[in-house]
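Engineer: First the structure, which I've put down as C-alpha cells, then a few questions once you've had a look.
None of the figures in this text is laboratory data; all of them are computed from the coordinates on show. In this text, all values refer to a predicted model and were calculated from it rather than measured experimentally. Note that we place each Cβ from the backbone using ideal geometry, even for glycine, and neighbour counts take in every protein chain shown.
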Amino acid sequence: MGHDPELEAVLDLVPELRDDSRRVEELPGGLTNQNYKVVVGERSYVVRRWSDDGALLSIDRDNEHENSVKAAEAGVGAPVVAFLPDHGTLVIEFLEGRTLSADELRGGYPLDRIAEACGRLHGAEPFRDGFDMFGTQRAYLELVTERGFRLPDRYRDFEPRMEAVEEALGSQSEDLVPCNNDLLAENFIDDGERLWLIDYEYSGNNEPSFELGNIWSESGLSLAQLDELVAAYWGEPSPAKVARARLWGLMSKYGWTLWASIQDGVSEIEFDFWSWGMEKYERAVDEFEGPDFERLLEDARMPG
C-alpha cells in the first residue's frame, strides 16, 4: 500500500527499514498512535507514530522509550529498534503471536499465565518514573475543567469516596515495581510459549495490585476471576490483596473516564471515546455505590 512521503522519509531514517523492498501495512486499534507493520525481508517491525496530543494525556515519550527498553531486557517486552522523538516515532520488533481479547480472558484463559507475565515485568530494572492514578486523575480533571470538555453527570459527587479509597490504600502501601499500568487484553501477545506485554505509554513504578486490578477492570473479569488472578500472583487469595486490586480497578475506571473525555475533545481518530469512557464510568458508579464498598476499604487497611 502507498503512504505519504513524510512516513516514507521517517522509515528511511531507520537503517533496519531502509530497503526498497519493504512492505508497509497499517495496523488497526491504536487510540493514541498510528501503528504500521513494516516487513523487510524475513524481519517484521512495528512503527508507532504519535501526535503532539500525548502530553495532554500525561504521556511522556522519553519515559515510554526508556521503559520499553527495560521491559525488553526483562524478556517481557518487544525489543526496541529505534526511537526518533523529533519525528514522533518508536520502532520495535514485531512479535509473532496471538493478540488476546477481553472475551478470551473472560472465557477461561489461564490467568496464571497472566500473573507470570506480570511477575516478569515487575522484576525488571526500576522504571524511570512513578505512576500515580490519583495524581493522574486530578491532572485530567483540571484539564477537563479548564478546556470545558464534557464531564459525566455526578462525576464530582464521588470525590469524597475517591479520597476514602486513597486513604485506605495509603494505609498499607505496597513496594513499587515496574508496571505497564494499561494492560487491556489487547496488550498481551501469546506466542504459544510465553506472554509478551506491549505498549508502555503509561508505564511507571507502581503497586502490583494496581496492575492486577486494572487487568480485571479492563477485561471485565468476574470477581471469581479476580480472586484467581490475585492468588496466582501472590500465592494465596488474601482478602486484603483482593480488596486492593478491586479498589485500584475502581480508581482506574474513574480516572480513565477523564482520559476518554480529553480524547473526545481533541482526538482526530475516528473512535467513540465518549461512549468508551461512559461504560467505564457507569461501572465505577456501580462500585462506588455498591454494597461492598465499605468492606473493601476495611479489607484494604489490613496487612496483606
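Engineer: Looking at region 258-304, which GluC sites (Glu not before Pro) are in a loop (DSSP not H, G, I, E or B) and have at most 14 other Cβ atoms within 10 Å?
Structural biologist: Answer in residue order: 268, 270, 289.
Engineer: Something else about it: Helix-derived [θ] at 222 nm for the chain: sum -39500 (n - 2.57) over DSSP H runs of at least 4, divide by residue count, nearest 500?
Structural biologist: -14500 deg cm²/dmol
Engineer: If you don't mind, another one. I'd like the trypsin sites (Lys or Arg not before Pro) in region 247-304 restricted to DSSP loop residues with at most 16 other Cβ atoms within 10 Å, sorted by number.
Structural biologist: 301
Engineer: What number comes out for the charge environment of residue 254, summing +1 per Lys or Arg and -1 per Asp or Glu over other residues with Cβ under 10 Å away?
Structural biologist: My count for the surroundings of residue 254 gives +2.
Engineer: Let me ask you something else. Using a cut-off of 13 Å between beta-carbons, work out the net charge of the residues near residue 236 (Lys and Arg +1, Asp and Glu -1, residue 236 not included).
Structural biologist: Taking every Cβ under 13 Å from that of residue 236, the sum is -1.
Engineer: Quick check: convex hull of the Cα atoms in region 10-120, volume per residue, rounded to a whole Å³?
Structural biologist: Cα-based convex hull of region 10-120, divided per residue, equals 129 Å³.
Engineer: Going by how many other beta carbons lie within 10 Å of each one, how would you line up 10, 69, 242, fewest first?
Structural biologist: Least crowded to most crowded, the residues run 69, 10, 242.
Engineer: Residues with beta-carbon under 11 Å from that of residue 83, excluding residue 83: net charge, scoring Lys, Arg +1 and Asp, Glu -1?
Structural biologist: Net of charged neighbours comes to -2.
Engineer: Here is a further query. Short version: what are the Cα gyration tensor semi-axes of region 211-267, square root of 5 times each eigenvalue, largest first, in whole Å?
Structural biologist: 27, 10, 8
Engineer: Among 114, 92, rank each residue by its count of other Cβ atoms within 10 Å, from fewest to most, as a rough exposure measure.
Structural biologist: Ranked by crowding around the Cβ, least crowded first: 92, 114.
Engineer: Give, in whole angstrom and from largest to smallest, the semi-axes √(5λ) of the equivalent ellipsoid of the chain, with λ running over the eigenvalues of the Cα gyration tensor.
Structural biologist: Square roots of five times the eigenvalues give 33, 23, 16 Å.
Engineer: Something else: Dividing the alpha-carbon radius of gyration of region 146-237 by 2.2 N^0.38 Å (N being the number of residues), what value is obtained?
Structural biologist: My calculation over the Cα atoms of region 146-237 gives 1.30.
Engineer: If the cut-off is a Cα-Cα distance under 12 Å, which aspartates and glutamates reach residue 70, setting aside same-chain residues fewer than 8 apart in sequence?
Structural biologist: Correct list for residue 70: 125.
Engineer: Moving on to the next point. Sorted from fewest to most neighbouring beta carbons within 10 Å, what does the list 218, 73, 228 look like?
Structural biologist: Least crowded to most crowded, the residues run 73, 228, 218.
Engineer: OK, next. Loop-only GluC sites (Glu not before Pro) in region 83-159, please: DSSP not H, G, I, E or B, and at most 15 other Cβ atoms within 10 Å.
Structural biologist: 96
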